[in-house]
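So the structure is just underneath, and the comments pick up after that.
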Amino acid sequence: MHLYVADAFFRAGLLKFQNWDTTLYLFENDYQVPFLPWELAAYLGTAAELILPVFLVLGLATRLVAVKLFFFNIVAVVSYPVIWQGGFYDHKLWGVMLLVSVIYGQGKFSLDSLIFKQKS
């Protein structure tokens, strides 16, 4: 489950990074990210999609990362209304999976588990 969600976000970030001019165009003209200038939103959004999934896969700060990705997912849906036509199901699925991670954490096969075992 974590790998599936992490893969979806990481691939989106990689696509944005590989097509940076298109990414900037979309953030300036199509995406309606609230509260942030479009250029800052492009940089922060791409960085989040590339970095946070790695933490999720490793199981490092799992609950915190899952909360951040959950809200990132909401912002994506709100800021790009086209998602409602085709990709909304995927975003709902990722949201539910991320909430499971928030509630239950990564489990015993994670860096979080190793860190907390050593502290006790």
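The values are calculated or read from the model by the stated rules, or taken from the named source; none is laboratory data. The structure displayed is predicted, hence computed values, not measured ones. Note that we place each Cβ from the backbone using ideal geometry, even for glycine, and neighbour counts take in every protein chain shown.
Residues in the range 108-120 that are surrounded by 12 or more Cβ atoms within 10 Å (Cβ to Cβ) and hydrophobic (A, V, I, L, M, F, W, C): LEU111, LEU114, ILE115.
Looking only at the range 1-31, count every residue that is without any contact (Cβ under 8 Å) to a residue 40 or more places away in the chain and either closer than 23 Å to VAL57 by Cβ or surrounded by 15 or more Cβ atoms within 10 Å (Cβ to Cβ) (or both) and tell me the total. I'd like the intermediate steps shown before the answer.
So in the range 1-31, the residues without any contact (Cβ under 8 Å) to a residue 40 or more places away in the chain come out as 11-12, 14-29.
Among the residues that remain, those that are also either closer than 23 Å to VAL57 by Cβ or surrounded by 15 or more Cβ atoms within 10 Å (Cβ to Cβ) (or both) are: 11-12, 14-18, 23-24, 26-27.
The total comes to 11.
For the range 85-92, the count of residues that are in a loop (DSSP other than H, G, I, E, B) and modelled with pLDDT under 95 is at least one. Number of residues in the range 97-107 that are surrounded by fewer than 13 Cβ atoms within 10 Å (Cβ to Cβ) and either among the hydrophobic types (A, V, I, L, M, F, W, C) or at pLDDT 90 or above (or both) equals 1. Given the condition surrounded by fewer than 17 Cβ atoms within 10 Å (Cβ to Cβ), closer than 30 Å to LEU114 by Cα and out of contact with any Lys or Arg (no Cβ under 7 Å at 6 or more places or on another chain), answer yes or no: does some residue in the range 70-78 qualify? Yes, the range 70-78 contains at least one residue that is surrounded by fewer than 17 Cβ atoms within 10 Å (Cβ to Cβ), closer than 30 Å to LEU114 by Cα and out of contact with any Lys or Arg (no Cβ under 7 Å at 6 or more places or on another chain).
Restricting the range 32-69 to residues that are more than 9 Å from the chain's Cα centre (by Cα), surrounded by 20 or more Cβ atoms within 10 Å (Cβ to Cβ) and in contact (Cβ under 8 Å) with a residue 40 or more places away in the chain, the residue that is nearest to HIS2 (Cα to Cα) is LEU56.
Evaluate the range 83-92: report whether one residue or more is surrounded by 12 or more Cβ atoms within 10 Å (Cβ to Cβ), farther than 28 Å from PHE35 by Cβ, charged (D, E, K, R) and out of contact with any strand residue (DSSP E or B) (no Cβ under 8 Å at 6 or more places or on another chain). Within the range 83-92, not a single residue is surrounded by 12 or more Cβ atoms within 10 Å (Cβ to Cβ), farther than 28 Å from PHE35 by Cβ, charged (D, E, K, R) and out of contact with any strand residue (DSSP E or B) (no Cβ under 8 Å at 6 or more places or on another chain). For the range 20-39, the set of residues classified as assigned to a helix (DSSP H, G or I) and touching a helix residue (DSSP H, G or I) at 6+ places or on another chain (Cβ under 6 Å) consists of THR23, LEU24, PHE27, GLU28, TRP38, listed by residue number. Regarding PHE27, is this residue among the aromatic types (Phe, Trp, Tyr), closer than 17 Å to VAL77 by Cβ and under 17 Å from the mean Cα position of the chain (by Cα)? Yes; evaluated as a whole, the condition is true for this residue. Screening ALA76, ALA66, ALA42 for residues that are at pLDDT below 90, closer than 23 Å to LEU15 by Cβ and part of a helix (DSSP H, G or I) leaves exactly one candidate, ALA76.
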